[in-house]
Amino acid sequence: MEHKITEDEAALYDRQIRLWGLEAQYRMRNASILVAGMRALSNEVCKNIVLAGVGSITILEHETVTEEDLGAQFFLRREDIGRNRGEAAAEKARLLNPRVNIIVDQEDIAQKSSSYFSQFNIVCLTGCSPEQTIRIDNACRNTKTGFYAAGVHGFFGYMFCDLTHHEYREEVKETPLDKSKDPETTVSHMSQDYDSLASTLETCWGYLKPKALKRKVSPLFFAIQILWLFQLANDGRLPHANNQEDLEALFKLRDERLKSAQVDGAFVDNDLLQILVGTVSAEIAPVCAIVGGFLAQDILKTLSGKDAPLLNYFLYNGLEGTGLVHHVQKKSA
């Protein structure tokens, strides 16, 4: 059932309608979004897209609230310990904007068939295992469902976008020579093809010199990959901060991965991996706010059909205060 923008909603969302246009707000109002995994990062995402006035959000989460969750997850309270994370967070999220339909699904994402994800306009995974992330991205590509995957590990965060094939419009205002006339707006219709997550992880970089490679991709890109490879080899668990065997395993995976990617072994140094592992399970609120804000904004941009969304990686380094966008393609660099 399609929802029309009422007068009350037009007044409520006036500022963003001025920014995106009424048609874009209509698309968002009728969009269905899946947010899988309720953590500090997804708290930020849900907050922003709920306030923007999307049609419905389904929160997919099977785990319960623990005391550790209370640190950075602002939707949760101490009395929520033991409850399903999604149910507890949804209660607070509904208060932000009662017009948005928020649904909670308490099933494990690993039990969901590929067809489950086709009912949504956007699928957003946070903190999901590499195995499930790749599987679900491939499922979304088959139905041309927009796909995002993101995570935060202490001071570091990442975001990946795969829209398969996306069409959008760009508006450019041109000031006429005659200053007495109003600016003219030119609308261009654009399109962009996206690579799958699995294919971007197989890119060969041709042993570019470090300076040339850094202009194309951050060392953090490979550090996150190495973390995923560790999880795949260890039944999904993250490395332990004070476990030397885990650290040595990461160094070995680093050497193997960089060799297969045709990247100089010194591009990802030991210090980066040690710092990553040191806070790998931590949810640092400011990092979650930055990555989550960027992610939510890009989801809304995709739904609006206005301007180009992320293509295709965003990597945030909280120690340096830098957020870099990289376009990683299947073909060799």
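Key figures for this structure:
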| item | result |
| --- | --- |
| Solvent-accessible area per residue, Å², over the stretch 5-130 with all protein chains present [probe radius 1.4 Å] | 44 |
| Estimated distance in nm for a label pair at Phe74 and Leu232, the labels positioned 7 Å out from Cα along Cα-to-Cβ | 3.6 |
| Extension reserve of the Asn270-Tyr207 stretch, reckoned as 0.36 nm per residue once the Cα distance is removed | 20.7 nm |
| Relative contact order for the stretch 10-83, counting Cα pairs under 8 Å that sit 6 or more residues apart, in percent | 29 |
| Protein accessible area in the chain, 1.4 Å probe - carbon and sulfur % | 49 |
| Shape of the stretch 57-162, Cα gyration tensor, a/c cut at 1.5 | prolate |
| Relative contact order (%) - criterion: Cα under 8 Å, at least six apart; region: the chain | 20 |
| Spin-label pair Asp255/Ser114, simplified geometry with 7 Å Cα→Cβ offset, distance in nm | 3.7 |
| Helical mean residue ellipticity (222 nm; -39500 (n - 2.57) per DSSP H run of 4+; nearest 500) of the chain | -12000 deg cm²/dmol |
| Rounded FRET efficiency, nearest 0.05, which uses the C-beta distance separating Glu171 from Glu91 and R0 of 45 Å | 0.70 |
| Where trypsin sites (Lys or Arg not before Pro) fall in DSSP loop in the stretch 4-76, at most 16 other Cβ within 10 Å | Lys4 |
| Most to least accessible of Val54, Val172 (protein chains only, probe 1.4 Å) | Val172, Val54 |
| Options [x] 128; [y] 158; [z] 198 - which one matches volume of the Cα convex hull per residue in Å³ as calculated here | [y] |
| Given the chain, longest segment not containing exposed loop GluC sites (Glu not before Pro) (DSSP; at most 16 other Cβ within 10 Å) | 203-319 |
| Long-range HN-HN contacts of Thr64 with modeled amide H, under 5 Å | Arg85 |
| Segment Lys4-Thr322, length gained on full extension (0.36 nm per residue, minus Cα span) | 110.5 nm |
| The stretch 128-222: trypsin sites (Lys or Arg not before Pro) falling in loop per DSSP and having at most 11 other Cβ within 10 Å | Lys179, Lys181, Arg215 |
| Thr64 paired with Ser188, simple spin-label distance in nm, labels 7 Å along Cα-to-beta-carbon | 5.5 |
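The values are calculated or read from the model by the stated rules, or taken from the named source; none is laboratory data. Keep in mind it's a predicted model, so treat the numbers as computed, not measured. Here Cβ is always computed from backbone atoms with ideal geometry, including for glycine, and neighbour counts include all displayed protein chains. Surface accessibility is based on the protein's heavy atoms, side chains included, excluding ligands, DNA and RNA. Shrake-Rupley method; radii C 1.70, N 1.55, O 1.52, S 1.80 Å.
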